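Structure record follows, encoded as structure tokens.
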Amino acid sequence: MDAVDRGGPAGRIGAVASSSESDRAAVAGQGDAADSLGQAALARDGVPADEPGRDGAAEPGDAVGPRDAADRLVQAASERDGVPADATGQDAPAGTGGAADSVGRLGAGATALPGDADTGDVGLLEPVAAGEAVWGVTGDRAVLQAMLDAEAGLVRAQYRVGVAPRGAAEAVTGAARAERFDARSLAVRAAGAGGNPVIPLVADLTREVERRDADAASYVHRGATSQDILDSALMLVAARTLDLITAELRATAAALGEHAARHRGTVLPGRTLTQHAVPTTFGLKSAGWRSLVLDAHDRLLGVRTALPAQLGGAAGTLAAFHVHAAHAAGPRRGPTDGPSNGSAGGRPSEPADGPTGDAASGAYSAPVLRGDGRGDDPGLTLAAAYAAELGLAEPELPWHVLRTPIADLAGALAFCAGALGKVAADVLVLSRTEITEVAEGSGGGSSAMPHKANPARATLIASAARQVPALAAVLFGAMAAEDERPAGAWHAEWHPLREALRLTGGAARTARDLCEGLTVFPGRMRDHLGLTGGTLLAEHVTAHLTPVLGRAVARAAVATASRRAAADGSGLAAALARDPAVAALLDAAALAALTDPAGYLGSAPALTDRALRRTPARASGGRPIPPEPGEETRG
């Protein structure tokens, strides 16, 4: 899975090539998904699509690549049908975002404009994630696209249940492309616009839709609250990120399975509290790493399946949608049922039945869904349609202050980071110069010491493992949220959640590289078995002597022999041979056998075999697991 070079000193930023269509869509622009309903509907109805370059944007369906930030700003300012941006930024057309206002907030002497790539966060201090696919699906542009997907999905859902015209669904979906909006401007304006980025985005999106279809503009954000959109958007971001993480974890587990099988009988010292304890096998150690990775995979997959859409309206009652449904009621009927083909990629679904009258008239009957527990309640019906449009789960209740989904996600991410951190911790110890039982396939260098090959991958994983639990603690703390929608608790979640996703995703990708390239040195492991002169077999000898000498006498004899062996370097077998009670029972050959590390492995091979029979969990409902990122090129 090769990172796309975006050029410049920032290095590898953005997307990773993938053989999975869903992964490619999530990483590369993500706007194509939002256009699919509008494009499909236009093609069906014979309406020409936007001309290439109109409004400074790509034609729907075109691949949207990275564009220089300054060019975007100039294009947005000059190609909006001649509409000038207001100096305050309040009336700036979508895409410009009010540059004057943003520069004012940055300071009178600031030269950076909104969206200026030089001021962007490119991961300089997060090398574990920078340049990886996870960066592309958790960055500001990805969050912006997810918010737009949530807004467009809401209008499409209202069309599906018969309370919005087709034209509105098409117009909003066609406008909901991240490259048409300025994320930096939205961020700056959010501070003075209610404290969240949805509020300025709704204003910009409404203007963009109005330019396309004045009648459709009134359907933007209709009935929703900011938390509905941002929560749903973050669930989309989480879904897209977890799809990448779980694929990396499966690849990591596969690599560890190969190590476990290959080294099923490779003996090395087992270490407890930093000291040699009893022999174990590298196969069992690798199987243990694999088991943790699979535990993390299965937890994240379960959370991924349950990620819910959010729709509650102002205070969680869906009341506004009842009013809209009543206003839309009329003599004609719109689509009332039919499964959605939505996915977490934001791909729109096609309604089962098109409107029977003039779509622009808004003359639809209120829907009646039968046999699904929702009856004819328009709020429940719309919530189900909305979840289907986004490809997310339908929640039992609006969860504005019922933060189980966030807590579950936080716990699973912290567990995953910790599981990968265990692998990294062992690699860091075993790759020490004085141990060198394993090594990264290609170590990192040093700015001062040319000879060094540092375990850079394990180091980065270890750093993520220490950060994610702290981020999860913030997310758990935010559960104590007051009222029907809280002040501060919800806002406190955004950054820690994104960082936890980003760090865990980077750690998962790095762990895959680490485990696939890990070099094992069985000879060094054998050498280390002799470092203590056989005393790591003291338990074995004690267990053999106990039935004859009794536990206390046997333990004392072996303890004395162990101290003597350590003092004079004679080895445990030789020291035991000097004990008359032991010598009367065991000859030299028997003592040599009892102090052979390979003869005291217990169930290690069988445990390894049993662990390797486990396979990764599959998504509930039989959903096929998507291909691993770049599996065609990585083999």
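The values are calculated or read from the model by the stated rules, or taken from the named source; none is laboratory data. It should be emphasised that the depicted structure is a prediction, and the values quoted were computed from it without experimental measurement. So basically every Cβ, Gly included, is an ideal-geometry build from the backbone, and we count neighbours across all protein chains shown. These accessible areas exclude ligands, DNA and RNA; they are computed on the full protein's heavy atoms, side chains included. Shrake-Rupley method; radii C 1.70, N 1.55, O 1.52, S 1.80 Å.
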Residue ID - most open to solvent (accessible area, probe 1.4 Å), chosen from residues in the range 204-253 that are among the acidic types (Asp, Glu) and not in a helix (DSSP H, G or I): 215
Selection count, the range 160-203, where residues are part of a loop (DSSP other than H, G, I, E, B), more than 25 Å from the chain's Cα centre (by Cα), under 25 Å from residue 494 (Cα atoms) and aliphatic (A, V, I, L, M): 2
Restricting the range 479-493 to residues that are surrounded by fewer than 16 Cβ atoms within 10 Å (Cβ to Cβ) and either of a type in the set (Gly, Ala, Ser) or under 15 Å from the mean Cα position of the chain (by Cα) (or both), the residue that is farthest from residue 196 (Cα to Cα): 480
Any hit, the range 344-359, residues being surrounded by fewer than 22 Cβ atoms within 10 Å (Cβ to Cβ), outside any loop (DSSP other than H, G, I, E, B) and modelled with pLDDT under 90: yes
Of all residues in the range 300-329 being more than 34 Å from the chain's Cα centre (by Cα) and open to solvent by less than 30 Å² (accessible area, probe 1.4 Å), the one that is modelled with the highest pLDDT: 325
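Residue-by-condition table, conditions (1) part of a helix (DSSP H, G or I); (2) touching a strand residue (DSSP E or B) at 6+ places or on another chain (Cβ under 8 Å):
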residue	(1), (2)
507	yes, no
512	yes, no
525	yes, yes
528	yes, yes
532	no, yes
539	yes, yes
544	yes, no
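Restricting to the range 372-429, give me the number of residues that are over 30 Å from residue 272 (Cα atoms) and assigned to a helix (DSSP H, G or I).
Counting residues in the range 372-429 that are over 30 Å from residue 272 (Cα atoms) and assigned to a helix (DSSP H, G or I) gives 20.
Taking residue 199, is it modelled with pLDDT of 95 or more, among the β-branched types (Val, Ile, Thr), over 30 Å from residue 423 (Cβ atoms) and open to solvent by less than 10 Å² (accessible area, probe 1.4 Å)?
No; evaluated as a whole, the condition is false for this residue.
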